[in-house]
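**Student:** This is the structure I want to talk about, given as structure tokens.
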Amino acid sequence: MTGIALRPSREPLSDSGRRQLARRRARLSSAAWFLSPFVVLVALWAVLVPALDVSPRTFPSLASVWAVFTSGVTDGSLWTQVFASLARVGAGTGLAIAIGVPFGILMGISRGVSGFFSPLLRFSVALAGIAWIPLATLWLGYGTGAVVFIVFNAVFFAVVYTTMLGVRQISTSLLRAARSLGAGPGRMFVEIYLPGAAPSIVTGLRMGMGFAWRGLIAAEIIATSSGLGYTLFLARQYYETDVIILMMITIGVLWLLMDRFLLAPLERRTVERWGARRQVGT
Amino acid sequence: MSLLSVENLNQVYTDAYTHEEMTAVGNVSFDIPEGQFISLIGPSGCGKTTVLNIVAGFIRASGGSVMLAGKPISGPGPDRGVVFQDFALFPWKSVEANIAFGLKMRGVDKAERKRRAREVIELVGLSGFEAKYPHELSGGMRQRVGVARVLATEPTMMLMDEPFASIDAQTRRVLQQEVLRIWEQERPTVLFVTHDVDEAIFMSDRVIVLSSRPSAVQADIEIPIPRPRTWSDVYADPAFVRIRRELMAMLGVDDDEKGS
Amino acid sequence: MTVDTPVRSQQRSRVETAGAWTGLLRVPGIRTWGPFAVVVAIWALIAELELFPSAFFVGPGTVFETTVRLIERGILPSYIGDSLLRLAVGAGFGVVIGVALGFLIGLNKYARKFSWPMLLFFQAIGDIAWLPILIIWFGFSLTSVTLVIVYTVTFPLIISIVAGIDSIPQNLMRAAASLGAKRWRGIVEVVVPAALPGISSGIRTGLGYGWRALIAAEIIIGTSGVGFMMFEARRQGDVSHVFIGMVVLGALWYATDALILAPFEKETVERWGMVEGIGR
Ligand SMILES: Nc1ncnc2c1ncn2[C@@H]1O[C@H](COP(=O)(O)OP(=O)(O)OP(=O)(O)O)[C@@H](O)[C@H]1O
Ligand SMILES: [Mg+2]
């Protein structure tokens, strides 16, 4: 496929015209490569399930999943579940950033604080997220509070840790320069520590949200009566495999969308904009 | 007869993202007789590394031919040992294992490998460091390992791409003399890429100057300075001063600073 | 340097107290365990003051007594054994599959192009989301739990092995080729060792995910194991078991890290100077 797409054109073309054509071809071919495995997978699904006469209690047909999807979209129930889940992720993550970043910076600045909290942190990172579900439901009851707590917890520990590393990587000469130019603690925080640690913070955020997304599903299964995880698990009781598969796909697609269009660009942008500044100092 | 012959070499790169084509090497031809030490110099970005990579077999030329001992080059091989600017040592192998790597690939047995590796280690002055890992060595020592690794396999040709560029000035002077001393013992054919005019003159029998992109051979200069050479002799040699001025003018550098 | 004397002395005293504190932190035993002692003390204090109702919060004393009782009755050791066994079996399969696929996808251009988008997608679905359908297929069984863990460990491992292979310096491969290494020798001598940092960080991430998945699966499937114990206790309002579970989970992770992962890294990638000391 690429062979054809990349073969240079034989017609005499203007330089820029040829370049444009080549670029378009390359983009097409990469899109084709991106989609091909999914096409194959869906085709296999469409062919194999009827051919092998698989019971809908074991694996749904493509048509029934599609039907559940369209009805969920038209009556809005799918959106309700999606927004319930997204709102919890948003709340937990926002809280984690608001508390985790300042705390991480404090740990990065002060050897004493980090010396005290580092071992505790290492211990807690392993526990972050899902392991808190029993305690969270005990303290906050079944419901949104417990789920938000789990998300918060997963993001918090990752962000604190990477923020601390980020601050440590800011070069000493940069800190000295800023101080000798008369920057007070507040200014230092805004002008130096925050931008200096930003690339590292975003990396941590991306990692933490990976844990949080899984934690969210688990917490919703265990502790709530709405959201993607809940719907997913409820469907199991009635052997509604079409709902289960639809929910799994939704969970995967949502994460990919978040990662691709929110976290990855954010990471790229901070690394590009501020990563360079950090390197100049080192 | 010449060992390496490069004819009408041409290299066009296509940018992976914009698909713009760029001619790096326009038309380059030169020959290297067996046992000669040749330097390739030219302005930055003129395609020196590209030429060396083609000779090494790492990349395929867009056009022209490269023949080694009458046979076209089809890929990398142990007949052409490469010394890299960034050393390219295997971090997970000790000094000795790095040096013995080529012999191991050739299927030489363990005892012989060890004997030969020790011999070369002695030659490059690294005795006592056999069991160290590359990250435990200084830059100069690492490049000694890089040279030794190539010497151990006794290649017909050695290719070096700015091997001393990332090494401090004093150590560089020492290494240049060392490499010459070793070269005079074994006399492999050498293609040496550098942007340092002094280094090119000091090391070589001939200096080939490439023009800027798309490059062609701009000049091919014999260095009539007798060997063995040392820096103090060479600096005083009138031929050195004359050729240096000539090359500097060719590269468009004003000759107002002595040495670099 | 012209600094006013009062400022200077103030500074010095701050430096000195900081020095004493960090000096204390430099003693290895205190550095690692000191903070835990402080936390336990605060924990005991809070419990003693009864800031929270005892149904929500118990002190270290109670937890300790309950732990001893659970160990005596053999419940805790057997639950820990169950959890560890599940993790070990799942991680074992996961590592084997992950390493094989990781190298295949990392080394073969077409395998890579074809499977990469799908890999990211399946990684995105996340382990726990598989549990319901696995339960339908295999019931509330050990198979379901193990499969979830295999799934969890495999994907991060593949992705980080591929990243590791991608980040091998080009000149290293070229050096090997020009010294006469053919494709397979090149893989064995260069690609595999160069991918080790990727493998070890992949296993670390994978186990991190796997551990959490195990707890969730045990809570949901609920037959035995540490996760089961915690949630069962929570259902009966017995908060001390929940606390024990958390401490045990943390300690086990610490042990896995200190006894398996860290020594492996110390002997390989750290010895070769390929990464800075990890986790210090
Ligand atoms: N893989 C590549 N793809 C596209 N362009 C390349 C590639 N390698 C080199 N070039 C381009 O080809 C030209 C020649 O590069 P080369 O590295 O051979 O120069 P050089 O003479 O070795 O320069 P320097 O003295 O700076 O090392 C440069 O303009 C470079 O940008
Ligand atoms: Mg170059």
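The values are calculated or read from the model by the stated rules, or taken from the named source; none is laboratory data. Quantities reported herein were computed from a predicted structural model and do not represent experimental measurements. Virtual Cβ from ideal backbone geometry, glycine too; neighbours counted across all protein chains shown. Areas reflect the complete protein model, heavy atoms only, side chains present, ligands, DNA and RNA absent. Shrake-Rupley method; radii C 1.70, N 1.55, O 1.52, S 1.80 Å.
**Student:** Using the structure shown, decide if B:Val66 is within 16 Å of ligand 2 (Cβ to nearest atom) and either part of a loop (DSSP other than H, G, I, E, B) or of a type in the set (Val, Ile, Thr) (or both).
**Tutor:** Numbers: within 16 Å of ligand 2 (Cβ to nearest atom): no; either part of a loop (DSSP other than H, G, I, E, B) or of a type in the set (Val, Ile, Thr) (or both): yes.
Criteria not met by B:Val66.
**Student:** Can B:Arg172 be described as of a type outside the set (Gly, Ala, Ser) and facing chain C (nearest Cβ under 9 Å)? Reasoning before the result, please.
**Tutor:** Values: of a type outside the set (Gly, Ala, Ser): yes; facing chain C (nearest Cβ under 9 Å): no.
The answer is no for B:Arg172.
**Student:** Could you tell me whether region B:5-20 includes any residue that is open to solvent by 50 Å² or more (accessible area, probe 1.4 Å), assigned by TED's automatic domain parsing to the domain that holds B:Ala219, under 19 Å from B:Asp220 (Cβ atoms) and more than 16 Å from ligand 2 (Cβ to nearest atom)?
**Tutor:** So far as region B:5-20 goes, yes, one or more of its residues are open to solvent by 50 Å² or more (accessible area, probe 1.4 Å), assigned by TED's automatic domain parsing to the domain that holds B:Ala219, under 19 Å from B:Asp220 (Cβ atoms) and more than 16 Å from ligand 2 (Cβ to nearest atom).
**Student:** Filter region B:209-229 for residues that are closer than 17 Å to B:Ala249 by Cα and within 16 Å of ligand 2 (Cβ to nearest atom); which is surrounded by the fewest Cβ atoms within 10 Å (Cβ to Cβ)?
**Tutor:** Across region B:209-229, the extreme among qualifying residues is B:Ser212.
**Student:** On the given criteria, is B:Leu52 within 15 Å of the chain's Cα centre (by Cα), in a strand (DSSP E or B) and either within 16 Å of ligand 2 (Cβ to nearest atom) or in the same structural domain as B:Ile221 (by TED's automatic domain parsing) (or both)? Spell out how you get there, then give the answer.
**Tutor:** On the way: within 15 Å of the chain's Cα centre (by Cα): yes; in a strand (DSSP E or B): no; either within 16 Å of ligand 2 (Cβ to nearest atom) or in the same structural domain as B:Ile221 (by TED's automatic domain parsing) (or both): yes.
For B:Leu52, the condition - within 15 Å of the chain's Cα centre (by Cα), in a strand (DSSP E or B) and either within 16 Å of ligand 2 (Cβ to nearest atom) or in the same structural domain as B:Ile221 (by TED's automatic domain parsing) (or both) - is not met.
**Student:** Of the residues B:Ser74, B:Ser127, B:Ser94, which is free of Cβ contacts under 8 Å to residues at least 24 places away in the same chain and closer than 24 Å to C:Glu189 by Cα?
**Tutor:** B:Ser74
**Student:** Now for a different question. Only one residue in B:Ser5, B:Ser44 is modelled with pLDDT under 90 and within 19 Å of the chain's Cα centre (by Cα). Which one? First the steps, then the outcome.
**Tutor:** Numbers: B:Ser5 fails: modelled with pLDDT under 90.
It is B:Ser44.
**Student:** Restricting region B:59-78 to residues that are closer than 14 Å to B:Val25 by Cβ and open to solvent by less than 50 Å² (accessible area, probe 1.4 Å), which is farthest from ligand 1 (Cβ to nearest atom)? Even if it seems obvious, please write down each step before you answer.
**Tutor:** First, pick out the residues of region B:59-78 that are closer than 14 Å to B:Val25 by Cβ: B:59-66.
Retained after the next criterion (residues that are open to solvent by less than 50 Å² (accessible area, probe 1.4 Å)): B:59, B:61, B:63, B:65-66.
On the way: B:Ile59: 8, B:Ala61: 12, B:Gly63: 15, B:Ser65: 19, B:Val66: 15 Å.
Here the residue is B:Ser65.
**Student:** Okay, moving on. Which members of region A:20-51 meet the condition of being without any contact (Cβ under 8 Å) to a residue 12 or more places away in the chain and among the aromatic types (Phe, Trp, Tyr)?
**Tutor:** Matches in region A:20-51: A:Phe34, A:Phe38.
**Student:** Does B:Ser127 fit the bill of being within 21 Å of the chain's Cα centre (by Cα) and loosely packed, with under 15 Cβ neighbours inside 10 Å? Before you say what the answer is, go through the steps one by one.
**Tutor:** Numbers: within 21 Å of the chain's Cα centre (by Cα): no; loosely packed, with under 15 Cβ neighbours inside 10 Å: yes.
Criteria not met by B:Ser127.
**Student:** Which residues, taken from region C:77-119, are open to solvent by less than 50 Å² (accessible area, probe 1.4 Å) and either in contact with a His (Cβ under 7 Å, 6 or more places away or on another chain) or more than 25 Å from C:Val190 (Cβ to Cβ) (or both)? Spell out how you get there, then give the answer.
**Tutor:** Within region C:77-119, the subset open to solvent by less than 50 Å² (accessible area, probe 1.4 Å) is C:79-81, C:83, C:86-87, C:90-92, C:94-95, C:98-99, C:102-103, C:105-106, C:111, C:115, C:117-119.
Within region C:77-119, C:Tyr79, C:Ile80, C:Gly81, C:Ser83, C:Arg86, C:Leu87, C:Gly90, C:Ala91, C:Gly92, C:Gly94, C:Pro117, C:Met118 qualify.
**Student:** Could you please find all residues in region B:21-49 being in contact with a Lys or Arg (Cβ under 8 Å, 6 or more places away or on another chain), away from ligand 2 (no atom under 16 Å from the Cβ) and in a loop (DSSP other than H, G, I, E, B)?
**Tutor:** B:Gly35, B:Gln36, listed by residue number.
**Student:** What is the residue count in region B:85-118 for residues that are within 16 Å of ligand 2 (Cβ to nearest atom) and either among the polar types (S, T, N, Q) or surrounded by 21 or more Cβ atoms within 10 Å (Cβ to Cβ) (or both)?
**Tutor:** Of the residues in that region, 3 qualify.
**Student:** Can you tell me which residue within region B:197-208, out of those that are within 16 Å of ligand 2 (Cβ to nearest atom) and in a helix (DSSP H, G or I), is surrounded by the fewest Cβ atoms within 10 Å (Cβ to Cβ)? Give the derivation first.
**Tutor:** Of all residues in region B:197-208, those within 16 Å of ligand 2 (Cβ to nearest atom) come to B:197, B:199-200, B:208.
Still in the list and also in a helix (DSSP H, G or I): B:197, B:199-200.
On the way: B:Val197: 23, B:Glu199: 21, B:Ala200: 25.
Residue satisfying both the conditions and the ranking: B:Glu199.
**Student:** Among the listed residues C:Ala213, C:Ala217, C:Ala233, identify the single one that is in contact with a His (Cβ under 7 Å, 6 or more places away or on another chain), more than 14 Å from chain B (Cβ to nearest Cβ) and open to solvent by less than 20 Å² (accessible area, probe 1.4 Å).
**Tutor:** None of the others qualify; the one that does is C:Ala233.
**Student:** If you don't mind, another one. Restricting attention to region B:152-166, does a residue exist that is part of a helix (DSSP H, G or I), within 27 Å of B:Val55 (Cα to Cα) and modelled with pLDDT of 90 or more?
**Tutor:** yes
**Student:** Counting only residues that are open to solvent by 10 Å² or more (accessible area, probe 1.4 Å) and within 13 Å of ligand 1 (Cβ to nearest atom), which one in region B:182-196 is nearest to the other protein chains (Cβ to nearest Cβ)?
**Tutor:** It comes out as B:His195.
**Student:** If you don't mind, another one. Considering only region A:222-233, I want to know if a residue exists there that is outside any helix (DSSP H, G or I), under 30 Å from C:Gly206 (Cα atoms) and open to solvent by less than 10 Å² (accessible area, probe 1.4 Å).
**Tutor:** Going through region A:222-233, the residues outside any helix (DSSP H, G or I) turn out to be A:224-227.
In the following step, the residues that additionally are under 30 Å from C:Gly206 (Cα atoms) were identified as A:224-227.
Imposing the further condition that a residue be open to solvent by less than 10 Å² (accessible area, probe 1.4 Å) reduces the set to A:227.
Yes.
**Student:** Regarding C:Ser83, is this residue in a helix (DSSP H, G or I), in contact (Cβ under 8 Å) with a residue 60 or more places away in the chain and more than 21 Å from the chain's Cα centre (by Cα)?
**Tutor:** Numbers: in a helix (DSSP H, G or I): yes; in contact (Cβ under 8 Å) with a residue 60 or more places away in the chain: yes; more than 21 Å from the chain's Cα centre (by Cα): no.
The answer is no for C:Ser83.
**Student:** Which one is modelled with the highest pLDDT, of the residues in region B:14-41 that are within 7 Å of ligand 1 (Cβ to nearest atom) and within 14 Å of another protein chain (Cβ to nearest Cβ)? Let's see the steps before the verdict.
**Tutor:** We begin by selecting, within region B:14-41, every residue within 7 Å of ligand 1 (Cβ to nearest atom); these are B:15, B:22, B:24.
With within 14 Å of another protein chain (Cβ to nearest Cβ) added as a condition, the list becomes B:15, B:22.
Numbers: B:Asp15: 78, B:Met22: 89.
Only one residue tops the list, namely B:Met22.
**Student:** Looking at B:Glu162, is it in contact with an Asp or Glu (Cβ under 9 Å, 6 or more places away or on another chain) and open to solvent by 50 Å² or more (accessible area, probe 1.4 Å)?
**Tutor:** Against the criterion (in contact with an Asp or Glu (Cβ under 9 Å, 6 or more places away or on another chain) and open to solvent by 50 Å² or more (accessible area, probe 1.4 Å)), B:Glu162 does not qualify.
**Student:** Is region C:236-257 home to any residue that is under 21 Å from C:Pro132 (Cβ atoms) and within 15 Å of the chain's Cα centre (by Cα)?
**Tutor:** Taking region C:236-257 and keeping what is under 21 Å from C:Pro132 (Cβ atoms), we get none.
For region C:236-257, residues under 21 Å from C:Pro132 (Cβ atoms) and within 15 Å of the chain's Cα centre (by Cα): absent.
**Student:** Please indicate, with yes or no, whether at least one residue in region C:142-161 is over 30 Å from A:Glu220 (Cα atoms) and either in contact (Cβ under 8 Å) with a residue 12 or more places away in the chain or within 14 Å of chain B (Cβ to nearest Cβ) (or both).
**Tutor:** Yes: region C:142-161 contains one or more residues that are over 30 Å from A:Glu220 (Cα atoms) and either in contact (Cβ under 8 Å) with a residue 12 or more places away in the chain or within 14 Å of chain B (Cβ to nearest Cβ) (or both).
**Student:** Moving on. Confirm whether B:Val147 is within 16 Å of ligand 1 (Cβ to nearest atom), more than 9 Å from chain C (Cβ to nearest Cβ), outside any loop (DSSP other than H, G, I, E, B) and under 22 Å from the mean Cα position of the chain (by Cα). Outline the logic, then answer.
**Tutor:** On the way: within 16 Å of ligand 1 (Cβ to nearest atom): no; more than 9 Å from chain C (Cβ to nearest Cβ): yes; outside any loop (DSSP other than H, G, I, E, B): yes; under 22 Å from the mean Cα position of the chain (by Cα): yes.
In short, no.
**Student:** Does A:Met258 fit the bill of being out of contact with any His (no Cβ under 8 Å at 6 or more places or on another chain), modelled with pLDDT of 90 or more and in a helix (DSSP H, G or I)?
**Tutor:** Criteria not met by A:Met258.
**Student:** Criterion first (in a helix (DSSP H, G or I), farther than 30 Å from C:Ala37 by Cα and open to solvent by 30 Å² or more (accessible area, probe 1.4 Å)) does C:Val68 satisfy it?
**Tutor:** no
**Student:** Please enumerate the residues belonging to region A:90-129 that are within 20 Å of A:Ser225 (Cβ to Cβ) and open to solvent by less than 10 Å² (accessible area, probe 1.4 Å).
**Tutor:** Matches in region A:90-129: A:Gly92 only.
**Student:** Please verify whether B:Pro155 is open to solvent by less than 40 Å² (accessible area, probe 1.4 Å), within 14 Å of chain C (Cβ to nearest Cβ) and away from ligand 1 (no atom under 16 Å from the Cβ), treating the condition exactly as stated.
**Tutor:** It is true that B:Pro155 is open to solvent by less than 40 Å² (accessible area, probe 1.4 Å), within 14 Å of chain C (Cβ to nearest Cβ) and away from ligand 1 (no atom under 16 Å from the Cβ).
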